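So the structure is just underneath, and the comments pick up after that.
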Amino acid sequence: MDGSVATRRIGPPRAGIAERIWEAARVEFSRRGYHGARVQGIARGASCNVALIYRHWASKRALYLDILRAVWLNAANEIAGQLENGSANNPELVVGAYLEAMGRDPMGAQVLVREYLDGAPFLSQLTTSEPSLLDPVRRAAAVMSASSDRGVDPVLAVVTVGGLSALVASAHEAVRPFVADPPEPAIWRRHVLELLTHGLAPTYTGDNGAKAPT
């Protein structure tokens, strides 16, 4: 694989031109996705020339794969840590962990959203090369499976929650046309957590005192 992704770093390089390139590339890929991103745009953002970029990364693809892997792993490590410290049978914990992880890095979340919109071709390459990247998804699916009796596929549930969490984190400002003051990120995450875990259907108590299924 271009750039030997499976053995490369999971975060920005040391301070200097490589770090500037890394941060400029994150901005470019988050705004334009892989196909729309331009190496010249990354060079402008890093205040360097294109040749310097290719001195540190063999190609735009190699740089993108490194960044995508870092975004995925940083979020996955955050999610895995929260799941290890929480209840083993709490699907709300899974939703909260994804929302929290994505909310910590909105720009990274936007990189993921654009990758998903393209059909996740590079993420598929990464997970094929390094299957352990999917371990947090399997762990989250196990939590979902142990606690759900609604016949919901746990893997699809986790994929849906992950995608929606990335979208929420990257699109917080998108509520501006609809509300006077966008909520603080923490309030926004609590709102989405409630929505994803409890839905819109009201809970009522029938004549026998039992709650309706939700």
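Every number in this text was worked out from the coordinates using simple rules, so none of it is lab data. Note that this is a predicted model, so its numbers are computed, not measured. Reconstructed Cβ throughout: ideal geometry from the backbone, glycine too, with neighbour counts over all protein chains shown.
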Restricting to Cα pairs under 8 Å and 6 or more apart, the percent relative contact order of the stretch 17-63 works out to 41 percent
Applied in sequence order to the stretch 122-129, the curve 6.51 cos²θ - 1.76 cosθ + 1.60 (Karplus, θ = phi - 60°) yields integer Hz couplings, x standing for Gly and Pro, of 6, 5, 4, 5, 5, 6, 5, 6
Computed ³J(HN,Hα) along the stretch 51-65: with the Karplus parameters 6.51/-1.76/1.60, θ = phi - 60°, integer Hz and x for glycine or proline, the list is 4, 5, 4, 6, 6, 9, 10, 5, 6, 4, 4, 4, 5, 5, 4
Whole-Hz Karplus couplings 3J(HN,Hα) for the stretch 93-104, θ = phi - 60° and coefficients 6.51, -1.76, 1.60, Gly and Pro as x, run 5, 4, 4, x, 5, 5, 4, 5, 5, 5, x, 6
Once both label points are put 7 Å beyond Cα along the C-beta direction, the residue 35-residue 15 separation in nm becomes 4.0 nm
